[in-house]
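A.B. asks: Could you have a look at this structure, given as structure tokens, before my questions?
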Amino acid sequence: MRKKSETTASKRIVYAFGLIIALFIILIIRLIILQIFEAGELSEKQASFTYKKVTITASRGDIYDRNMNILAMDASCSKISAFPSSVTDPEGTASILSQVLALDYQTLYNELTDTSTSFVNIKRGVDNTTAQQIEDANLSGIVVSDDQKRYYTDSTFAQYVLGFTGVDHVGLYGIEAVYNSVLQGEDGVETILADSAGRELQSNSTTQKEAVSGNDVVTTIDSVMQYYAEEAVYNAYKKNDAKRVIAVVSDPNTGEVLAMAAYPAYDLSDPWTISSDYATAYASDLRGLTSGEQQLEMWQNPFTSFIYEPGSTFKVITTSAALEDNIVTLQSTFYCNGYLEVGGIKIKCWIYPGKHGDENLTQAVSNSCNVAMMEVAKEMGPDIFYKYIYAYGFGEPTGIDLDGEESGILSANNGEVNLVDFVTLSFGQGLGVTPVQVVQGLNAAINGGLLMKPMVVKYTLDHDTNEILTTNESTVVRRVISEQVSEEMQGILKYTADNNSAISKYSALQMGGKTGTAQKYINGAYAPGRYVASFYGFAPYDNPQLSVLVIVDEPGGALTTGSSVASPVGAEILQNCLEYLNSTSYSSTDVSSASSSTVPDVRGKTVSEAKSVLDTLGIPYSIIGSADGIVTDQDQMKVTYSNGMTITLTVSSASGDAVLMPNLNGMSLQNVNEILSALGLTMQSNGGGIATAQSIAPGTTVAKGTSVTVNFSYIE
């Protein structure tokens, strides 16, 4: 019995000893695996609890106008990020961040408790004062790092040219998008040492990969011409109760775009909000669309994507083609009895039931006679006419360095062209064009016959050294017509402009031009009462330095023709721009400042914006009042500049509780609204046009929130 017990005990000892040895062997194997095979992975896991990587946003390059006035630049700000696994108090953290950053609490809480992601961006573009509040709160798992925010010196200036950036600091539209690879730069990486709660520790072990700034872009835009164009476009929009007004100013000899203005548009500082004027003008187009779809509609560049029938401005193409191919001469004559029968269909001239009677070619263009143009087209035939239409660039993109360019709409010459459709092309009906196509094509008709590729960017520069990296040279696409025919077109269009009574007061400009009025084609039919009125002009007629295209989409007043609503706008822009142009040492490749003959109105602009305009013009000025703020008055404006003259600007700051009432006389409704809003005042308006009276005298000190009644009227 005792022997059996001893045997059992011995077996138990052996089993126990074997188990211990087995466990020991397993531990050794596990230790070998951990220290040899999984050492790297474990080291990375350990580091992940100690080191946090944060992206350093690279500063985007600057965007300048042709005179090196800055249009867009980056400003320093902060970025708020979170490491969810390190957030110890998600409720309290979400509460603080939602209040300081004006964000939704529940969304923040969900992000902070989502440990499936190691890192989340809470908000970018946070001003540094607000970021300091968050940093002082010492929140676990929350990191405050450097960021960049895009800043536009004038957020309502050249919107469709400049475009804007998204929340990720990447260009979305305009130059910001097309030249994003130039402007963007290269982000850096900062590795911070953090405690177990995710709070950053000040340590020498912090390492950083430096961000590399993007390079700069110099545009062909002239800020002064852009200013003149935008002012004229806005006033025309209001005066004509239009859906939209568009203007393009260019150098017809180089293809450089000097100004592109459109209203309504959007605010570059807040492109996500549908502007009130845009929402009103495009109410029927936006109905039923989501907010995102409405934004996409508003952001579309009208210069490259607005497709319309050109109407009688296309008669320039018809006439020049026929002259070039010797189908007609300046001595050719026509007879218009008000209509022409083509293929058994009576096609009316715009003057019907009247008639133009006997007319030569120049008179036919000046009269904008549809009958004469149809006879010219019939004589040319489809093959010849289409050859020139294509040569002038219609039916294909111009290649301008802007986004969203459409090809337009042009039926093919396939040997089965309907005769009626063909002859109506002669007066700009039955095809769709874009504004940049019209500018490119009509410029070729008057610049000596060369089709120039339009462009909005002249140089790219190294951000640090200002060294020119690339240059966009003027590009001749092809010769379309001879210099002789181009000269003949200059004379024809000079005669046409001289006989336009709506712009007779601008006769000193010696300009040429052609108007157009086209009924809009909507949902497969021409829409009664809805028109696109346009005007193309250039000056001086015998040596064109500038051209302008003005489009008034759906004028809503009693006047709807290109002659009555578009040509005065174009003539005004040409006059202002030519005065400026002829008083500066402007060239297509180098622009430097000089004294201007006209003092611009800079009221409503910030001090920096006003300085930029006056410095470009070489006009001396002095400032009274605040060193920083809004220009509320100036002693001389829209007068001829003479040597020794100094302009005095009165500046009011919106930082206090009381502000100086600005002088609003002669300002547009838009400018009045902008200046009063910037100063914390409100407006009650009567009428439309320019300000003629205000209920509170200029120079009066008033409290913020005060309402001022402003009377407006149209003055010819």
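The values are calculated or read from the model by the stated rules, or taken from the named source; none is laboratory data. Quick caveat, the model's predicted, so the values are computed rather than measured. When we count neighbours, we look across all protein chains shown, and the Cβ atoms used for this are built from the backbone with ideal geometry, even at glycine. For the accessible areas, the whole protein counts, side chains as well, though only heavy atoms, and no ligand, DNA or RNA atoms are used. Shrake-Rupley method; radii C 1.70, N 1.55, O 1.52, S 1.80 Å.
A.B. asks: Which residue pairs have Cβ atoms closer than 8 Å, lie 6 or more positions apart in sequence or on different chains, and pair a first residue in the range 504-528 that is within 30 Å of Cys577 (Cα to Cα) and open to solvent by 50 Å² or more (accessible area, probe 1.4 Å) with a second residue that is modelled with pLDDT of 90 or more and aliphatic (A, V, I, L, M)?
C.D. replies: Gln510/Ala539; Thr517/Val532; Thr517/Ala533
A.B. asks: Filter the range 129-181 down to the residues that are outside any loop (DSSP other than H, G, I, E, B), within 17 Å of Asp74 (Cα to Cα) and of a type in the set (A, V, I, L, M), then identify the one that is most open to solvent (accessible area, probe 1.4 Å).
C.D. replies: Result: Ala177.
A.B. asks: Within the range 268-377, which helices (runs of 4 or more DSSP H) (wholly inside it) include 3 or more residues that are open to solvent by 30 Å² or more (accessible area, probe 1.4 Å), in contact with a helix residue (DSSP H, G or I) (Cβ under 9 Å, 6 or more places away or on another chain) and without any contact (Cβ under 8 Å) to a residue 60 or more places away in the chain?
C.D. replies: By residue number, 291-299.
A.B. asks: With the requirement that a residue be farther than 28 Å from Asn447 by Cα and of a type in the set (Gly, Ala, Ser), what does the range 211-235 give you?
C.D. replies: Within the range 211-235, Ala211, Ser213, Gly214 meet the criteria.
A.B. asks: How many residues are surrounded by fewer than 16 Cβ atoms within 10 Å (Cβ to Cβ) and assigned to a loop (DSSP other than H, G, I, E, B) if we restrict to the range 378-398?
C.D. replies: Here the count works out to 3.
A.B. asks: Moving to a separate point now. For residues that are part of a loop (DSSP other than H, G, I, E, B), open to solvent by 80 Å² or more (accessible area, probe 1.4 Å) and more than 27 Å from Ser59 (Cβ to Cβ), tally how many sit in the range 104-128.
C.D. replies: 3
A.B. asks: What number of residues within the range 579-620 are open to solvent by 60 Å² or more (accessible area, probe 1.4 Å) and at pLDDT 75 or above?
C.D. replies: Qualifying residue count, the range 579-620: 3.
A.B. asks: Can you tell me how many residues within the range 623-637 are over 21 Å from Asn665 (Cα atoms) and open to solvent by less than 60 Å² (accessible area, probe 1.4 Å)?
C.D. replies: 1
A.B. asks: Let me ask another. Taking Ile56 as the residue in question, decide whether it is of a type in the set (Val, Ile, Thr), closer than 24 Å to Thr130 by Cβ and at pLDDT 75 or above.
C.D. replies: yes
A.B. asks: Looking only at the range 206-233, which residues are open to solvent by less than 10 Å² (accessible area, probe 1.4 Å) and of a type outside the set (Gly, Ala, Ser)?
C.D. replies: Selection gives Asp216, Val217, Val218, Thr219, Thr220, Ile221, Asp222, Val224, Met225, Gln226, Val233.
A.B. asks: For the range 411-444, what are the residues that are of a type in the set (A, V, I, L, M, F, W, C), open to solvent by 40 Å² or more (accessible area, probe 1.4 Å) and under 33 Å from the mean Cα position of the chain (by Cα)?
C.D. replies: Within the range 411-444, Ala412 is the sole residue that qualifies.
A.B. asks: Can you name every residue in the range 655-676 that is open to solvent by 10 Å² or more (accessible area, probe 1.4 Å) and either more than 28 Å from the chain's Cα centre (by Cα) or at pLDDT 80 or above (or both)?
C.D. replies: Ser655, Gly656, Asp657, Ala658, Leu660, Asn663, Asn665
A.B. asks: Looking only at the range 634-649, which residues are under 22 Å from Phe712 (Cβ atoms) and either touching a His at 6+ places or on another chain (Cβ under 6 Å) or at pLDDT 85 or above (or both)?
C.D. replies: Correct list: Gln634 only.
A.B. asks: If you check every pair at least six apart or on different chains, which have Cβ atoms under 6 Å apart with a residue in the range 699-711 that is over 18 Å from Asn671 (Cα atoms) first and a residue that is assigned to a loop (DSSP other than H, G, I, E, B) second?
C.D. replies: Pairs that qualify, where the first residue is over 18 Å from Asn671 (Cα atoms) and the partner is assigned to a loop (DSSP other than H, G, I, E, B), are Thr700/Met661; Val702/Met661; Lys704/Asp657; Lys704/Gly680.
Residue-wise test of (1) of a type in the set (Gly, Ala, Ser); (2) under 21 Å from Gly404 (Cβ atoms).
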site: Asp222; (1), (2): no, no
site: Glu231; (1), (2): no, no
site: Ala265; (1), (2): yes, yes
site: Gln294; (1), (2): no, yes
site: Ser305; (1), (2): yes, yes
site: Gly311; (1), (2): yes, no
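A.B. asks: (1) closer than 30 Å to Ser642 by Cα; (2) at pLDDT 95 or above: which one isn't true of Ala508, the others all being true?
C.D. replies: Going through (1) closer than 30 Å to Ser642 by Cα; (2) at pLDDT 95 or above one by one, Ala508 breaks only (2).
A.B. asks: Taking Ser534 as meeting all but one of (1) touching a Gly at 6+ places or on another chain (Cβ under 7 Å); (2) closer than 20 Å to Asn370 by Cβ; (3) open to solvent by 70 Å² or more (accessible area, probe 1.4 Å), write down the number of the exception.
C.D. replies: Going through the list (1) touching a Gly at 6+ places or on another chain (Cβ under 7 Å); (2) closer than 20 Å to Asn370 by Cβ; (3) open to solvent by 70 Å² or more (accessible area, probe 1.4 Å), Ser534 breaks only (3).
A.B. asks: Looking for something open to solvent by less than 40 Å² (accessible area, probe 1.4 Å), closer than 30 Å to Tyr160 by Cα and not aliphatic (A, V, I, L, M) - is there at least one such residue anywhere in the range 85-98?
C.D. replies: Within the range 85-98, none of the residues are open to solvent by less than 40 Å² (accessible area, probe 1.4 Å), closer than 30 Å to Tyr160 by Cα and not aliphatic (A, V, I, L, M).
A.B. asks: Take the conditions within 29 Å of Leu425 (Cα to Cα) and of a type in the set (A, V, I, L, M) and apply them to Val249. Does it pass?
C.D. replies: yes
A.B. asks: Return a yes/no flag: does the range 97-105 have any residue that is of a type in the set (Phe, Trp, Tyr) and at pLDDT below 85.
C.D. replies: Scanning the range 97-105, I find no residue that is of a type in the set (Phe, Trp, Tyr) and at pLDDT below 85, so the answer is no.
A.B. asks: Scan (1) without any contact (Cβ under 8 Å) to a residue 24 or more places away in the chain; (2) aliphatic (A, V, I, L, M); (3) closer than 30 Å to Gly512 by Cβ for the single condition Leu258 breaks and write down its number.
C.D. replies: (1)
A.B. asks: If you take the residues in the range 61-70 that are part of a strand (DSSP E or B) and open to solvent by 10 Å² or more (accessible area, probe 1.4 Å), which one is modelled with the lowest pLDDT?
C.D. replies: For the range 61-70, the residue satisfying everything is Ile70.
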